[in-house]
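The values are calculated or read from the model by the stated rules, or taken from the named source; none is laboratory data. Small disclaimer: the values here were computed from a predicted structure and weren't measured. Neighbour counts run over all protein chains shown; Cβ positions are idealised from the backbone, glycine included. Surface accessibility is based on the protein's heavy atoms, side chains included, excluding ligands, DNA and RNA. Shrake-Rupley method; radii C 1.70, N 1.55, O 1.52, S 1.80 Å.
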Amino acid sequence: MSEPVTGPAEDTEIASWVRGLGIPGLVDLHVHFLPKPVLDKVWAYFDRASEHYGTEWPVHYRLPEAERIEKLREFGVRGFAPLVYPHKPEMAAWLSEWAREFADRVPEAVPTCTIYPEPGVADYVRQAIESGARAAKAHVQVGAYDPRDPLLSKAWGLLAEAGIPVIVHCGHGPIPGAHTGMDVFGEVLSAHPRLTAVLAHAGMPDYAGALELVHRYPNVHLDTTMVGTPFTERMMALPADWPARIADCAGRIVLGTDFPNIPYDYATQLRAIADWAARDDRLGERFLHSVLYEAPARLLAFTG
Ligand SMILES: [Zn+2]
C-alpha cells in the first residue's frame, strides 16, 4: 500500500508535489484570461461580490497578465485553456480572436473560442475551428442565454463534429441564471449526444444531476473548478460520498480552477482533489495522474 495522498500546503510546494506524483506537470482546462478592460470589469464585479453573491470574493491573483502567466509556470502548469466569455451580443467573435492571439504568444495556452446566440455564431465558430481552436467556453449563467436557442444548434453541431471540448457553465451556482440547470443543458445533449461537454464546476450545486449526464453521454466530463474547496463547501457542499460516486467515472473528471479569479490560493484546489483521492481506494494516486494531467491533456490534444 502506498502512503495516502495529501495535497500541497501552499503554492510554493505545488511544483515539487506534482513532480513527486510522477506526472510531467498540470494541465488546467479552466482558467481565465481576458482583454484588460474586460477583466477590470470582472474584477470590479467581484469587488461587489457581497451584493451579488452574498459573500466576499477577494480575487487572489489580482496581478498584471505577465505575472499571472508566470504564476502558472511556477505551479508547474504545462498547458491550460484560457477561457473567454461574452455577457452580451457582438462580443464573442472578437473575444475568440483575442484568445487565439493570446495562445500565439503564450506557449502553454491552447487556442480557445466562445459562443453566444446571435446571427453569425456558426460562422465564427467554424472559423475558430479552422484556425485551430482546441476548446470552447459557453457561459450560460453570465451570458443569460438559453443554450437550446435555435441560433446555437449549428454551433453545437460543429463543435461536436470537431470533437472540441466545450466548457459549459450551466449550473445554478454561485447564483442561478435564467436558463441554468442540468435539465436544460441535458436537452442540448439529447440533440447533440456526441458533444464533448465539460460541465464546469461539476454542475455545482447539482452534482448528482451532472453525474447523471456523465453516465448518460459518453463524451460528457466534469471539471473540478472550485469544487470541494472550503469556500465552496460552506455554500454548496459536495455529497459526503463524493469520492465513491466518481470512482466509476474517474477518467472523466478534469482539472479546472478558475485561476486567477479565486478567493483562495491555487494549492487549496489541489488539496481538495487530493482529499478525494485519499478517501477512496479506487482513486488514489492513479486518479491524480488522470485528473491533473492525462484527462485534460487528452481533451485539449495537448502534447507539450
Ligand atoms: Zn470560470
Point to revise | Any chance residue 164 is part of a loop (DSSP other than H, G, I, E, B) and within 17 Å of residue 114 (Cβ to Cβ) | key: yes
Point to revise | Total residues in the range 252-267, condition away from the ligand (no atom under 16 Å from the Cβ) and either in contact with a Pro (Cβ under 6 Å, 6 or more places away or on another chain) or open to solvent by 10 Å² or more (accessible area, probe 1.4 Å) (or both) | key: 3
Check your understanding: Taking the range 35-44, which residues are in contact (Cβ under 8 Å) with a residue 24 or more places away in the chain and part of a helix (DSSP H, G or I)?
Key -> 36, 38, 42, 43
Check your understanding: Name the helices (runs of 4 or more DSSP H) wholly within the range 193-304 that hold at least 3 residues that are hydrophobic (A, V, I, L, M, F, W, C)?
Key -> 207-216, 242-246, 266-279, 295-299
Review point. Looking at the range 292-301, is at least one residue out of contact with any Leu (no Cβ under 6 Å at 6 or more places or on another chain), surrounded by 16 or more Cβ atoms within 10 Å (Cβ to Cβ) and more than 17 Å from residue 79 (Cβ to Cβ)?
Key: no
Review point. In this structure, is residue 32 of a type outside the set (Val, Ile, Thr), touching a residue at least 40 places away in the same chain (Cβ under 8 Å), within 19 Å of residue 270 (Cβ to Cβ) and surrounded by 15 or more Cβ atoms within 10 Å (Cβ to Cβ)?
Key: yes
**Study point:** Tally, over the range 108-152, of residues that are small (Gly, Ala, Ser) and not in a loop (DSSP other than H, G, I, E, B)
**Key:** 7
Review point. Among all residue pairs at least 6 apart or on different chains, which show Cβ distances below 8 Å where the first residue, located in the range 14-27, is on the phi > 0 side of the Ramachandran plot and at pLDDT 95 or above and the second is among the aliphatic types (A, V, I, L, M) and assigned to a helix (DSSP H, G or I)?
Key: 25/18
Point to revise | Flag for residue 243 being surrounded by fewer than 15 Cβ atoms within 10 Å (Cβ to Cβ) and touching a residue at least 24 places away in the same chain (Cβ under 8 Å) | key: no
Check your understanding: For the range 187-207, how many residues meet the condition of being in contact (Cβ under 8 Å) with a residue 60 or more places away in the chain and more than 16 Å from the ligand (Cβ to nearest atom)?
Key -> 1
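Here's the yes/no breakdown for (1) surrounded by fewer than 21 Cβ atoms within 10 Å (Cβ to Cβ); (2) outside any helix (DSSP H, G or I); (3) touching a residue at least 40 places away in the same chain (Cβ under 8 Å):
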| site | (1), (2), (3) |
| --- | --- |
| 46 | yes, no, yes |
| 59 | yes, yes, yes |
| 71 | yes, no, yes |
| 79 | no, yes, yes |
| 86 | no, yes, yes |
| 96 | no, no, no |
| 104 | yes, no, no |
